[in-house]
């Protein structure tokens with residue numbers, strides 16, 4: 001008797017749980033209109049800083065995260081879109097003479113270009129720029145080329 005009671009109880013509980021999911025045809029509306037699909041514009045890529053914060057059009061940016069011996073400042077962005085970003089600013093670079101702790105910072109005007117947008121591994125729903133190029137417009141640090149390109153961290 002106990003076995004039949006348990007089977008009956010389980011059957012009743014299962015039916016009660018499934019009833020709302022199955023429903024009846026009379027419970028369904030006569031016509032169903034699909035909601036319009038919103039057109040999503042792809043978000044512009046971000047520039048990821050040393051602390052893994054996504055930034056758009058930052059005024060400054062540290063290039064040398066380990067020691068801070070190279071940073072960009074006074075950035076004025078003229079373009080920021082899905083393919084690239086462009087700004088003018090100043091690259092502050094430590095000459096590390098006689099060594100970095102005793103060195104002096106020097107400023108060099110630059111044109112900054114970001115490109116190579118890609119999926120940010122930390123946040124797959126976000127795109128980030130993968131490369132930065134600096135074009136020195138008036139002087140440059142010793143041993144630096146006129147244009148220097150670095151991969152950005154991902």
Margin query: Consider segment 126-138. How many of its residues are buried (at least 16 other Cβ atoms within 10 Å of the Cβ) and either more than 25 Å from the chain's Cα centre (by Cα) or part of a loop (DSSP other than H, G, I, E, B) (or both)?
Written below: 3
Margin query: For segment 112-125, which positions are surrounded by 15 or more Cβ atoms within 10 Å (Cβ to Cβ) and outside any loop (DSSP other than H, G, I, E, B)?
Written below: 112, 113, 114, 115, 120
Check: From the residues in segment 139-154 that are surrounded by 15 or more Cβ atoms within 10 Å (Cβ to Cβ) and under 13 Å from residue 113 (Cβ atoms), which one is modelled with the lowest pLDDT?
Finding: 152
Notebook entry, point to check: Among the listed residues 98, 141, 58, 109, which satisfies the condition of being in contact (Cβ under 8 Å) with a residue 24 or more places away in the chain and in a loop (DSSP other than H, G, I, E, B)?
Noted result: 141
Next item on the list: Being touching a residue at least 12 places away in the same chain (Cβ under 8 Å), exposed (fewer than 13 other Cβ atoms within 10 Å of the Cβ) and either within 22 Å of residue 140 (Cα to Cα) or in contact with a strand residue (DSSP E or B) (Cβ under 8 Å, 6 or more places away or on another chain) (or both) is the filter here, so list the residues in segment 66-81 that pass it.
Entry: 67, 76
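The values are calculated or read from the model by the stated rules, or taken from the named source; none is laboratory data. Computed from a predicted model, the values in this text were never measured in an experiment. Note that we place each Cβ from the backbone using ideal geometry, even for glycine, and neighbour counts take in every protein chain shown.
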